[in-house]
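Asks: Starting off with a structure, shown below.
Taken together, the values in this text are just the output of simple stated rules run on the coordinates, not laboratory data. Everything quoted here is computed from the prediction, not taken from an experiment.
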Amino acid sequence: MSQTDSLFSSQSQTILVSVTTTASSSVALPSQGNTVRIVNEGPNVAYVSIGATAQTATLPSGAAAATCTAVLPSSDITMSIPDGGRQNISAITRTGTASLNVQVGEGS
């Protein structure tokens with residue numbers, strides 16, 4: 001069993017975030033924890049922003065920003081969640097659409 005497998009219960013709550021070229025509404029993650037797993041079912045790169053307050057995802061530019069973490073098409077990423085507590089997520093694509101499945105788990 002990989003470390004990622006042990007972070008998430010088979011009963012972890014999951015939300016779907018539908019993504020277009022306009023930043024999605026900021027929505028609360030499905031539960032609290034210190035790790036988030038995002039699966040991109042779509043054919044396009046999605047950029048996500050996660051934080052304690054309302055979020056608005058952005059596209060990468062020449063300036064560094066914490067609001068545009070890439071989730072590649074047909075892949076998943078696992079990241080730590082800063083600050084604990086209930087967090088929010090927003091996402092955007094540069095072109096086309098994507099569907100993100102988002103779960104929260106525990107782990108180090």
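Asks: Who wins for biggest fluctuation among G62, G51, G85 in a Gaussian network model of the chain, springs between alpha carbons below 10 Å?
Replies: Maximum fluctuation in the GNM of the chain, among the listed residues, is at G62.
Asks: In Å and whole numbers, how far do the C-alpha atoms of the chain stretch along each principal axis, longest first?
Replies: Result for the chain: principal-axis Cα extents of 35, 27, 22 Å.
Asks: Would you compute, from DSSP H runs of 4+ residues alone, the mean residue ellipticity of the chain at 222 nm, taking -39500 (n - 2.57) per run and dividing by the full residue count, rounded to the nearest 500? Each step should come with its number before you reach the end.
Replies: Numbers: 1 runs with 5 residues, N = 108.
One gets -1000 deg cm²/dmol as the mean residue ellipticity at 222 nm.
Asks: Measuring from centroid to centroid over Cα atoms, what is the spacing of the range 28-85 and the range 91-107 in Å?
Replies: 7 Å
Asks: Have a look at S74, S61, S26 and tell me which one the Gaussian network model of the chain (Cα, springs below 10 Å) gives the largest fluctuation.
Replies: S61
Asks: Now for a different question. Taking springs between alpha-carbon atoms closer than 10 angstrom, which of Q87, Q11, Q32 fluctuates most in the Gaussian network model of the chain?
Replies: Its mean-square fluctuation being the largest, the pick is Q11.
Asks: Taking θ = phi - 60°, what integer Hz values does the Karplus form 6.51 cos²θ - 1.76 cosθ + 1.60 yield along the range 9-21, in sequence order, with x for Gly and Pro?
Replies: 7, 5, 10, 4, 6, 10, 10, 9, 10, 8, 10, 9, 7
Asks: Taking a ≥ b ≥ c as the square roots of the eigenvalues of the Cα gyration tensor of the range 67-108, is the shape rounded (a/c under 1.5), prolate (a/b larger than b/c) or oblate? The partial results should precede the final answer.
Replies: Working: a/c = 2.34, a/b = 1.75, b/c = 1.33.
Since a/c reaches 1.5 and a/b is larger than b/c, the shape of the range 67-108 is classed as prolate.
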